[in-house]
């Protein structure tokens, strides 16, 4: 079998090893084949790669056998630094990597952390390769979702952390995203209040939440899909994904937010290899020097390939 969809470990399965659980789900497959699949970077637990067949699973752990192996994590020398000074660093975040490690993961062994490094883990190593020193610890001022690519800034001093934090809070930071979405959304502003649970266990719009404002512009009609630009006025968790999906235009490749506000599920036939969301532009005032700083980043190759395929699908004769 090429793929087993994500499925939570039941109370009865709790305590099984990863190999034993997969073999129970794949009767007739040999132990050696199971272990080969795990070693080939094709199994995730909770969305993170696991290459330990003897890992004991807990109730609620979500295990998935992927159709294709996960690519190896980038090395520090592959991390692109767009700006570096004593107070901040701007980097190009690859898709498939968390910005920072979840608190529950801080107790992981070093070997397990190295299988799924975060951007927060690799950027100091990339800085050390460039300067000879890792320098001060990185301070988090904003995040990008694991599957989102694009531009991101870390503070490297207390003063920069405070100054950048004030700019984000005051909505003075330029943040422009590109997304491939289902359907043809109208250009305009989406405004709602976001809550942790909209009633289906997911974040979403509801009463009593925090104000979220997204400015959407249709850039290109791709037939059943579109390329859109989103400018954030606020920066709530999963804001773009939630706003677009609730309008009936989920981001291609989104496995979480793919329902309209009325609960109707919206199937994705794009063939997107991951969430097609990219932080293409970042701009702010340097919190120490007051210099105006601004960067742009082109689409990553996987997103560009999907865009090209959808263009051909919507206009096969090239007219």
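The values are calculated or read from the model by the stated rules, or taken from the named source; none is laboratory data. Because the structure is predicted, anything quoted here is derived from the model rather than measured. Please note: Cβ atoms are built from the backbone with ideal geometry, for glycine as well, and neighbour counts cover all protein chains shown.
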Which numbered condition residue 251 misses (of (1) modelled with pLDDT under 95; (2) within 16 Å of residue 147 (Cβ to Cβ); (3) touching a helix residue (DSSP H, G or I) at 6+ places or on another chain (Cβ under 9 Å)):
(1)
Across the stretch 250-271, what is the total count of residues that are assigned to a loop (DSSP other than H, G, I, E, B) and either surrounded by 23 or more Cβ atoms within 10 Å (Cβ to Cβ) or over 14 Å from the mean Cα position of the chain (by Cα) (or both)?
15
Exactly one of these conditions fails for residue 164: (1) modelled with pLDDT under 95; (2) touching a strand residue (DSSP E or B) at 6+ places or on another chain (Cβ under 6 Å); (3) farther than 30 Å from residue 267 by Cβ. Give me its number.
(1)
Among 133, 149, which is at pLDDT 95 or above, touching a helix residue (DSSP H, G or I) at 6+ places or on another chain (Cβ under 8 Å) and in the same structural domain as residue 180 (by TED's automatic domain parsing)?
149
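Criterion first (in contact with a helix residue (DSSP H, G or I) (Cβ under 9 Å, 6 or more places away or on another chain) and modelled with pLDDT under 90) does residue 74 satisfy it?
Working: in contact with a helix residue (DSSP H, G or I) (Cβ under 9 Å, 6 or more places away or on another chain): yes; modelled with pLDDT under 90: yes.
Answer is yes for this residue.
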Inspect the stretch 147-164 for any residue being free of Cβ contacts under 8 Å to residues at least 40 places away in the same chain, closer than 30 Å to residue 244 by Cα and surrounded by 14 or more Cβ atoms within 10 Å (Cβ to Cβ) and give the result as yes or no.
no
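Looking only at the stretch 290-310, count every residue that is over 19 Å from residue 71 (Cα atoms), in a helix (DSSP H, G or I) and either within 17 Å of the chain's Cα centre (by Cα) or outside the structural domain of residue 181 (by TED's automatic domain parsing) (or both) and tell me the total. Step through it out loud before you land on a result.
Residues of the stretch 290-310 that are over 19 Å from residue 71 (Cα atoms), as a first pass: 290-298, 307-310.
Pick out the ones that are also in a helix (DSSP H, G or I) and you get 307-310.
Narrowing the set further to residues that are either within 17 Å of the chain's Cα centre (by Cα) or outside the structural domain of residue 181 (by TED's automatic domain parsing) (or both) leaves none.
Residues meeting the conditions: 0.
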Being at pLDDT below 95 and within 30 Å of residue 166 (Cα to Cα) narrows it down to one residue among 237, 285, 292; which is it?
237
For residue 84, work out the one condition from (1) within 19 Å of residue 147 (Cα to Cα); (2) more than 21 Å from the chain's Cα centre (by Cα) it doesn't fulfil.
(1)
Filter result for residue 180 (outside any loop (DSSP other than H, G, I, E, B) and under 22 Å from residue 300 (Cα atoms))
yes
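Name the residue that is surrounded by the most Cβ atoms within 10 Å (Cβ to Cβ), counting only residues in the stretch 15-47 that are touching a strand residue (DSSP E or B) at 6+ places or on another chain (Cβ under 8 Å) and assigned to a helix (DSSP H, G or I).
Result: 21.
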